[in-house]
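Reading through the structure tokens given below for one structure.
No lab work stands behind these numbers, since they all come straight from the coordinates. From a predicted model like this one, the values you see are computed outputs, not experimental measurements. We place every Cβ from the backbone using ideal geometry, glycine too, and count neighbours over all the protein chains shown.
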Amino acid sequence: MQSTRQNKICHLIQKDMGDIFLREMKPTLGQSLITVTEVRITPDLSIARIYVSILPIGGVSKDTVMSLIRENTSDLRRRLGLREGKQLRIIPQLEFYLDDTLDYIENIERLLKQ
């Protein structure tokens, strides 16, 4: 169970990372639509696990976009630090994971229709 402080930081990171993906990282990551679905942070606030949902556009696969995100983790952390520097003393390390719940839901719906 997360504390109130953890929940506030998770919400703040989720909002800011979504904005970073939408506005600042388009040239680097291409035109794919990236949505931050969930953020979980460790109790000591040192590691943030960020779950992203990717809608690939332009013939790019999800794995390619995910590898680009992981390659640019330090740049993403720097951009996050510029936004949250006044609110957080230490910017957590970022770990990105692919959120495949939408694919799972589509698979369940397909199986139910059969």
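Does the stretch 90-97 contain any residue that is more than 15 Å from the chain's Cα centre (by Cα) and either in contact (Cβ under 8 Å) with a residue 40 or more places away in the chain or under 24 Å from SER32 (Cβ atoms) (or both)? Yes, the stretch 90-97 has at least one match. Residues in the stretch 6-18 that are over 15 Å from ASN72 (Cα atoms) and in contact (Cβ under 8 Å) with a residue 40 or more places away in the chain were compared, and the one that is surrounded by the most Cβ atoms within 10 Å (Cβ to Cβ) is ILE13.
Across the stretch 20-53, which residue is surrounded by the fewest Cβ atoms within 10 Å (Cβ to Cβ) among those that are in a helix (DSSP H, G or I), of a type outside the set (S, T, N, Q) and touching a residue at least 40 places away in the same chain (Cβ under 8 Å)? Give the derivation first.
Filtering the stretch 20-53 for residues in a helix (DSSP H, G or I) gives 20-24, 26-29.
With of a type outside the set (S, T, N, Q) added as a condition, the list becomes 20-24, 26-27, 29.
Then drop every residue that is not touching a residue at least 40 places away in the same chain (Cβ under 8 Å), which leaves 20, 24, 29.
Numbers: ILE20: 18, GLU24: 15, LEU29: 20.
Once the filter is applied, the top-ranked residue is GLU24.
Counting just the residues of the stretch 63-89 that are basic (Lys, Arg) and either farther than 21 Å from THR42 by Cα or within 13 Å of the chain's Cα centre (by Cα) (or both), which one comes out surrounded by the fewest Cβ atoms within 10 Å (Cβ to Cβ)?
Top of the filtered list is ARG70.
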